[in-house]
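*Asks:* Sharing a structure with you now.
The values are calculated or read from the model by the stated rules, or taken from the named source; none is laboratory data. In this text the structure is predicted, and so the values were computed from the model without any measurement. FYI the Cβ positions are ideal-geometry reconstructions off the backbone, even for glycines, and counts take in every protein chain you see. Ligands, DNA and RNA are excluded from the accessible area calculation, which covers all protein heavy atoms including side chains. Shrake-Rupley method; radii C 1.70, N 1.55, O 1.52, S 1.80 Å.
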Amino acid sequence: MENNPGQRPHDEPRRLDLAALKALSHPLRVQLLDALSTFGPQTASGLAGRLGESSGSTSYHLRQLAKHGLVEEVPDRGSARERWWRRYPGAIQVAADPSAGPSATTAVKLVARQLEQHRAEALSDFLRFGEESFGEEWLQATVLNTANLRVDAAQLGEISQRVLDFLGGLADEYRDRGGPDARPVQLHFNAFPVIDPAEQAVPHHRHPSGKTRP
């Protein structure tokens, strides 16, 4: 799983080592990284207000993330009392090295679950409050799309890489070009083999509203 909102998708993704994965597996640290990715540089107190945490807590966890090269201080901004932080440039790959053992796999699962939960919450918030928060122009520009198909693992890998390449080029083309009305925007593309509840004992889930095509 790659995580690169607001960064440079065409750079070679950095595969996190075990120490970095463990550092990131704390839920608040995932929130901090996600907030910096989505909304850009912020102070510890600004992040505290956004996330409902104390500034002491956000400051501590930002320093822990910085130790592993996941965030960094913004040069020439802030003061000794009020530091500005940003996400370290470049995509990261949340995946375990097969030789790293079960602790790495556990850390990957924790981080991946947290990242996906934040994505789901962002979409849920949009579906609940988007109509009253944004004008018609923004609503008309939004698309929730699902394409269903049957492929093998190699073909899914091909599709995933082509989507990542296309998304990377598109994001590079539009990054930092927004005018005064620009807002943070997230682009999500999910590609995964679907678990059939008829074949395995898993609960049925209702999918978010959106456009579906066979």
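*Asks:* Can you name the number of the only condition in (1) part of a loop (DSSP other than H, G, I, E, B); (2) in contact with a helix residue (DSSP H, G or I) (Cβ under 9 Å, 6 or more places away or on another chain); (3) modelled with pLDDT of 90 or more that residue 187 fails?
*Replies:* Single failed check for residue 187: (3).
*Asks:* Counting only residues that are open to solvent by 50 Å² or more (accessible area, probe 1.4 Å), at positive phi and in contact with a strand residue (DSSP E or B) (Cβ under 7 Å, 6 or more places away or on another chain), how many does region 42-93 have?
*Replies:* 1
*Asks:* Going by the conditions given, is residue 96 open to solvent by less than 60 Å² (accessible area, probe 1.4 Å), modelled with pLDDT under 90 and touching a Leu at 6+ places or on another chain (Cβ under 8 Å)?
*Replies:* Answer is yes for this residue.
*Asks:* Also: Here is a list: 139, 123. Which entry is surrounded by 13 or more Cβ atoms within 10 Å (Cβ to Cβ) and assigned to a helix (DSSP H, G or I)?
*Replies:* Step by step, each of 139, 123 is checked, and only 123 is surrounded by 13 or more Cβ atoms within 10 Å (Cβ to Cβ) and assigned to a helix (DSSP H, G or I).
*Asks:* For residues that are exposed (fewer than 13 other Cβ atoms within 10 Å of the Cβ), assigned to a helix (DSSP H, G or I) and among the small types (Gly, Ala, Ser), tally how many sit in region 147-174.
*Replies:* Residues meeting the conditions: 4.
*Asks:* Could you tell me which residue of region 16-41 is surrounded by the fewest Cβ atoms within 10 Å (Cβ to Cβ), considering only residues that are within 18 Å of residue 120 (Cβ to Cβ) and polar (S, T, N, Q)?
*Replies:* My answer is 38.
This table checks each residue for (1) at pLDDT below 90; (2) within 23 Å of the chain's Cα centre (by Cα).
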site	(1), (2)
141	no, yes
150	no, no
197	yes, no
200	yes, no
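Residues are listed down the side, and each one gets a yes or a no for (1) more than 23 Å from residue 108 (Cβ to Cβ); (2) in contact with a Pro (Cβ under 8 Å, 6 or more places away or on another chain); (3) assigned to a helix (DSSP H, G or I); (4) touching a residue at least 40 places away in the same chain (Cβ under 8 Å):
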position	(1), (2), (3), (4)
20	no, no, yes, yes
23	no, no, yes, yes
36	no, no, yes, yes
59	yes, no, yes, no
62	no, no, yes, no
66	no, no, yes, no
76	yes, no, no, no
84	yes, yes, no, yes
95	no, no, no, yes
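*Asks:* List pairs: first in region 160-171 and under 12 Å from residue 187 (Cα atoms) and of a type in the set (Asp, Glu), second open to solvent by 40 Å² or more (accessible area, probe 1.4 Å) and not in a helix (DSSP H, G or I), Cβ under 6 Å, 6+ apart or cross-chain?
*Replies:* Listed by first residue and then by second, the contacts come to nothing, as the list is empty.
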